[in-house]
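Take a look at the structure below.
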Amino acid sequence: MNLLESFEKTGICDLGRGIDPKKCEQLLLDIKQAHRLGPEIFLTEAQYHADLAPIQNNTTKITSHFLDKFDLSFIEKNDSLKKILTEVLGEDYRIYAKRVIVGVPQEWIPQWAIEEIQIKHPPKS
């Protein structure tokens, strides 16, 4: 099975050890030093809705993001990753936005966010 078939079937592309683990560990340390992880990672409800307005009105512009502070070239220029992205997304793909995704304990999540998630994405019965 080729990479594209694997991705279509599983939603995963396995790079194996294609990206330098030591550089990944250093990036994680740098991220943790630059931004403390705790309940304060969440916006207030007012901040969230203010940030959301340009997106809903389609007036958003790409500005700098948290990860722009870090050298991600060892990931973005990695031949294995570029090959997979090209195969899955096509030759003309571009990186639109970079994000750090983390799992957090439920008690960190503000009540307003839990309620909003439940309204927008009710549990399936």
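The values are calculated or read from the model by the stated rules, or taken from the named source; none is laboratory data. Model, not experiment: these values are computed from the prediction. Cβ atoms come from the backbone with ideal geometry, glycine included; neighbour counts cover every protein chain shown.
Residue pairs whose Cβ atoms lie under 8 Å apart, separated by 6 or more positions or on different chains, with the first residue in region 73-101 and in contact (Cβ under 8 Å) with a residue 40 or more places away in the chain and on the phi < 0 side of the Ramachandran plot and the second part of a helix (DSSP H, G or I) and of a type in the set (S, T, N, Q), do not occur. Among residues of region 10-38 that are touching a residue at least 12 places away in the same chain (Cβ under 8 Å), those with a Cβ under 9 angstrom from a residue that is outside any loop (DSSP other than H, G, I, E, B) and of a type in the set (Asp, Glu), sequence gap 6+ or separate chain, pair up as 13/87; 18/79.
Would you check if there is a residue in region 98-109 being farther than 30 Å from residue 19 by Cα, surrounded by 10 or more Cβ atoms within 10 Å (Cβ to Cβ) and modelled with pLDDT of 85 or more? Talk me through it step by step, then tell me what you get.
Step one: list which residues in region 98-109 are farther than 30 Å from residue 19 by Cα, which gives 106-109.
Retained after the next criterion (residues that are surrounded by 10 or more Cβ atoms within 10 Å (Cβ to Cβ)): 108-109.
Still in the list and also modelled with pLDDT of 85 or more: 108-109.
There is at least one residue in region 98-109 that is farther than 30 Å from residue 19 by Cα, surrounded by 10 or more Cβ atoms within 10 Å (Cβ to Cβ) and modelled with pLDDT of 85 or more.
Just checking, which of 84, 75 is touching a Leu at 6+ places or on another chain (Cβ under 7 Å), under 25 Å from residue 3 (Cβ atoms) and at pLDDT 90 or above?
Working: 84 fails: at pLDDT 90 or above.
Testing whether each residue is touching a Leu at 6+ places or on another chain (Cβ under 7 Å), under 25 Å from residue 3 (Cβ atoms) and at pLDDT 90 or above leaves just 75.
Could you please find all residues in region 31-44 being surrounded by 12 or more Cβ atoms within 10 Å (Cβ to Cβ) and at pLDDT 90 or above? Passing the criteria: only 31.
Contact annotation: residue pairs with Cβ atoms under 8 Å, 6 or more positions apart or on different chains, pairing a residue in region 107-125 that is aromatic (Phe, Trp, Tyr) with a partner that is in a loop (DSSP other than H, G, I, E, B), are 108/38; 108/42. In the set (1) within 20 Å of residue 82 (Cβ to Cβ); (2) at pLDDT 75 or above, residue 28 fails one condition alone, (1).
Quick check on my filter: what residues within region 4-25 are among the charged types (D, E, K, R) and part of a loop (DSSP other than H, G, I, E, B)? Write out each step before concluding.
Step one: of region 4-25, the residues among the charged types (D, E, K, R) are 5, 8-9, 14, 17, 20, 22-23, 25.
Of everything in region 4-25, those that are among the charged types (D, E, K, R) and part of a loop (DSSP other than H, G, I, E, B) turn out to be 14, 17, 20.
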